[in-house]
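The values are calculated or read from the model by the stated rules, or taken from the named source; none is laboratory data. Please read these numbers as outputs of a predicted model, since none were measured by experiment. Virtual Cβ from ideal backbone geometry, glycine too; neighbours counted across all protein chains shown. Accessible surface is based on the protein model in full, side chains and every heavy atom, while ligands, DNA and RNA are left aside. Shrake-Rupley method; radii C 1.70, N 1.55, O 1.52, S 1.80 Å.
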Amino acid sequence: MSDISATDELGEISGFGYERARDELVNVVKMLEQGGMDLDDALALWERGEALANRCEEHLAGARQRIEKALADSDRE
């Protein structure tokens, strides 16, 4: 995997919804657990997994903020 395509692939993750990022992360973990790949491929897969996990965290943080705002708004009423 070249640096340019790796950057493109990781950049595309920023557009993923929560469910897609979560599902792909599950697949990445399964592939890493199976092993049998060379170090460069494993590292690239690990990096993709990190990017997917970060995307999931972004979605969860956004949901948490929305819930906190909704609760704060209902307390004011």
- Query: Considering segment 19-62 alone, what residues qualify as being farther than 19 Å from residue 8 by Cβ and in contact with a Phe, Trp or Tyr (Cβ under 8 Å, 6 or more places away or on another chain)?
  - Reply: 32, 56, 59, 60
- Selection count where residues are aliphatic (A, V, I, L, M), free of Cβ contacts under 8 Å to residues at least 12 places away in the same chain and open to solvent by 80 Å² or more (accessible area, probe 1.4 Å), scope segment 6-58: 2
